[in-house]
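Enquirer: I'd like to ask some things about the structure below.
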Amino acid sequence: MWNWMMLGLESNRVIRLRIAKLMRGGKAAQREARRMVSEKVLAAAKAGTSLMAGAPGDKIVEQYRRKVAANAKRLSRNRTRRKRK
C-alpha cells in the first residue's frame, strides 16, 4: 500500500513540474509533450507485459516509481546548459 500512496504523491510533483514547463511554451515544451506521451505508452506496455508475466502489483508500481523519480529529477534540476536555438 505504501508504494501506491507514494506513487500518487510523487506523480503529483511531476505533473506540477510538467505543467510549468508546458506553460512556458516553445520548443522545450513541445519536446516535453512528445516525451510525456511516448513515455506513458511505453510504461503502459511494460506494465502490461509484466502483469501478463505474473509480476505482482507492487513490482509494477515500483517500476512506475523509478520512472517518476527520474522525471522529477530531470524536470527539477537547474538548467546550467546553454539554451538550444
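The values are calculated or read from the model by the stated rules, or taken from the named source; none is laboratory data. Please read all numbers here as calculations on a predicted model, not as lab measurements. Here Cβ is always computed from backbone atoms with ideal geometry, including for glycine, and neighbour counts include all displayed protein chains. To get the accessible areas, we keep the full protein, side chains included, count just its heavy atoms, and leave off ligands, DNA and RNA. Shrake-Rupley method; radii C 1.70, N 1.55, O 1.52, S 1.80 Å.
Enquirer: Just checking, how many residues over the stretch 58-78 are open to solvent by 100 Å² or more (accessible area, probe 1.4 Å), over 22 Å from Met1 (Cα atoms) and among the charged types (D, E, K, R)?
Expert: Total satisfying the criteria: 2.
Enquirer: Condition first: open to solvent by less than 50 Å² (accessible area, probe 1.4 Å), closer than 20 Å to Lys73 by Cα and not aliphatic (A, V, I, L, M). Now tell me which residues in the stretch 26-57 satisfy that.
Expert: Glu32, Glu39
Enquirer: For the stretch 11-25, give me each residue that is closer than 14 Å to Ala70 by Cβ and open to solvent by 50 Å² or more (accessible area, probe 1.4 Å).
Expert: Arg13
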